[in-house]
Amino acid sequence: MAMDLRCSDSTPCHDQKANSVSTPSSEPLRPGDLISDQAGGNSASKSKPTVLRSHAPSSVPAELEPQACGVAGLNSESSGGSGNCDASTGESLLGDREVSQQIGTQLKLLPMNDQIRELQTIIRDKTASRGDFMFSADRLIRLVVEEGLNQLPYKECMVTTPTGYKYEGVKFEKGNCGVSIMRSGEAMEQGLRDCCRSIRIGKILIQSDEETQRAKVYYAKFPPDIYRRKVLLMYPILSTGNTVIEAVKVLIEHGVQPSVIILLSLFSTPHGAKSIIQEFPEITILTTEVHPVAPTHFGQKYFGTD
């Protein structure tokens, strides 16, 4: 899907389009491979993203097992704002085509490879040191941010090389901003600034009410002209989807259309992704993995409050 997004005011961004499916292969699929669900040709625009296949039980940390999944709900700020796991045991762990079809093409998965799988493994490993965890998280964040920037619109341009040669290239259009959902979303800000050093970044603080357990907005600060910008919404863990839904509602109140919002996430549950797409069908979600058990310890471990 072509999104009308723009790059930062002063710095171009460089990357390529994110594929929503992997290239079909005649070789047997391995754990972690993506499954293409194409209809009528090889066009990626007609393909629907699919969730990832399950790992062997012996290679999955205890945190990944369904028994470790807590009661569905939204975590407070002390837990990094990442939410609790809400997936039911009735959902297929991975490779669920029905879930993929229900979510549709608005969900985009990074093409899986061994590098991404290793980063995901380290982040999920409860025995990983905080240094290794942060290093792997920052690398995975950078990959997601690069693919997110690749969804932005660009225009053709002509430049002159030092040898006087005329080169026909492209440059990304201006008029974007980032918005991080505090606190765990702030972990993704540096990755965005590394790619677009002068991009403006707004913030939203959403916590669960202690009595009702409903998501409540406590703070929101955006660029004054955000209604004219394309928004890269940053939140690493999608569990229930409640936090993101409330954040999008706040952006809509400030004049932002869901069609110009790209949600950058590292991990998502099927329930979280479906909830967001059902509420806002025009929003785009970019993530590395869809799995019923999300690493909800992310915010606490990244900021050293675990």
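The values are calculated or read from the model by the stated rules, or taken from the named source; none is laboratory data. These numbers come from a predicted model, not from an experiment. Don't worry about glycine lacking a Cβ; one is built from the backbone with ideal geometry, like all the others, and counts go over all protein chains shown. Surface areas here come from the heavy atoms of the whole protein model, side chains and all, with no ligands, DNA or RNA. Shrake-Rupley method; radii C 1.70, N 1.55, O 1.52, S 1.80 Å.
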* Starting from residues that are part of a loop (DSSP other than H, G, I, E, B) and over 18 Å from GLN151 (Cβ atoms), keep the ones in segment 173-213 and report whichever is most open to solvent (accessible area, probe 1.4 Å). => ARG197
* Asked: Hey, among LEU94, LEU152, LEU119, LEU143, which residue is in contact with a Ser or Thr (Cβ under 9 Å, 6 or more places away or on another chain) and either assigned to a loop (DSSP other than H, G, I, E, B) or modelled with pLDDT under 50 (or both)?
  -> LEU94
* **Residues of segment 224-242 satisfying the condition of being in contact with a Gly (Cβ under 6 Å, 6 or more places away or on another chain) and open to solvent by less than 30 Å² (accessible area, probe 1.4 Å)** => ARG229, LEU232, MET234, TYR235, LEU238, SER239, THR240, GLY241
* To do: Please specify each residue of segment 122-140 satisfying the condition of being open to solvent by 30 Å² or more (accessible area, probe 1.4 Å) and assigned to a helix (DSSP H, G or I).
  => ILE122, ARG130, GLY131, ASP132, MET134, PHE135, ASP138, ARG139
* Can you give me the number of residues within segment 269-290 that are out of contact with any Pro (no Cβ under 7 Å at 6 or more places or on another chain) and open to solvent by less than 10 Å² (accessible area, probe 1.4 Å)? => 9
* To do: Evaluate segment 284-291: report whether one residue or more is under 30 Å from GLU118 (Cβ atoms) and acidic (Asp, Glu).
  => yes
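Condition check: part of a strand (DSSP E or B), open to solvent by 10 Å² or more (accessible area, probe 1.4 Å), at pLDDT below 95 and farther than 22 Å from GLN115 by Cα. Does LYS216 satisfy that?
yes
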* **Residue that is farther than 26 Å from PRO292 by Cβ and surrounded by fewer than 21 Cβ atoms within 10 Å (Cβ to Cβ), where the choices are VAL260, VAL170** => VAL170
